[in-house]
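The values are calculated or read from the model by the stated rules, or taken from the named source; none is laboratory data. Note that the structure is a prediction, hence the values are computed from the model and not measured. Every residue, glycine as well, gets a Cβ built from its backbone with ideal geometry; the counts of neighbours run over all protein chains shown. With ligands, DNA and RNA removed, areas are computed over all heavy atoms of the protein, side chains included. Shrake-Rupley method; radii C 1.70, N 1.55, O 1.52, S 1.80 Å.
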Amino acid sequence: SFTLQNKGYVYSSTDNTWTPIANMANAREKPGVAAVNGKLYVTGGWDSGGTPIAATEVYDPSSNTWTAVAPNPSPTAAPGVAVVNSKIYFVGGCADGNCTTSTKVEVYDTSTNTWSSAADYPFGDAWQACGGINGKVYCAGGTSGANTFKSGFAYDPAANAWSPIADLPIDL
């Protein structure tokens, strides 16, 4: 059974309080989320039947509203997420309710509201940690369900290729 949520909260470090924000249109579990240029983007995540949700929503804190944007062509749950140059990279993730892991990398361009695909991740992976650093996407760790990983890779958008980086000290 999946625990779906469409609620969000904003934290005030000044007051040390959480305040509810507007609800998303789509309740989901374990979506990919990224902040770009002061807005919050949410895509994928499981629906109540364990199918990843293509609907993609963007939250604007200045108006406390969610807006639908172009749907994800290959949604997953628990993807790695990184931002590089106003583009959001959704790396791998669970392609179904059994968490069959994906190698796909979907890229959302926040400036044009369009999706494209990047080179596949080297293997099926979900729950990995990713980040954008100096124009590249770095990912490490994760799980295939049967295995956990300590390997890491860097993606160069100019070359459209993943290259290995040093392994993590432990599986994560």
Gain in span if fully extended, N64 to I21, counting 0.36 nm per residue against the direct Cα distance: 14.8 nm
Region 6-75: translational diffusion in µm²/s, Stokes-Einstein, Kirkwood Rh over Cα pairs, 37 °C, 0.692 mPa s: 258 µm²/s
Set of region 120-157 residues, backbone N closer than 14 Å to the point 7 Å along the Cα-Cβ line of A166: 151-153
Unsatisfied cross-links (Cα-Cα over 25 Å) in the set K7/K104; K104/K136; K39/K136: K7/K104
Candidates G93, G44, G132: whichever shows maximal mean-square fluctuation once the chain is modelled as a Gaussian network with Cα springs under 10 Å: G132
Order of exposure, largest accessible area first, which applies to V36, V81 with probe 1.4 Å: V81, V36
For the chain, size of Cβ-based charge dipole, Lys and Arg +1, Asp and Glu -1, in debye: 120 debye
Of G8, V91, V107, farthest towards positive along the dipole that unit charges on Lys, Arg, Asp, Glu beta carbons give the chain: G8
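Between A154 and K7, what length in nm is gained on full extension when 0.36 nm per residue of separation is reduced by their alpha carbon distance? Could the numbers behind the result be given before it?
Working: separation 147, 0.36 × 147 = 52.92 nm, distance 3.31 nm.
The span from A154 to K7 would gain 49.6 nm if fully extended.
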Under 18 Å from K30, Cα to Cα: aspartates and glutamates that are on another chain or at least 8 residues apart: D47, E57, D96, E106, D125
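Keeping all protein chains in place, calculate the accessible area per residue for the chain (probe 1.4 angstrom), answer in Å².
Working: 8600 Å² over 172 residues.
Result: 50 Å² per residue.
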The chain, accessible surface, carbon-and-sulfur percent (1.4 angstrom probe): 51 percent
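Heavy atoms only, probe 1.4 angstrom, no DNA, RNA or ligands counted: give me D109, D125, D171 ranked by accessible area, highest first. List each step's numbers first, then the result.
Values: D109 25, D125 0, D171 75 Å².
Sorted by accessible area, descending: D171, D109, D125.
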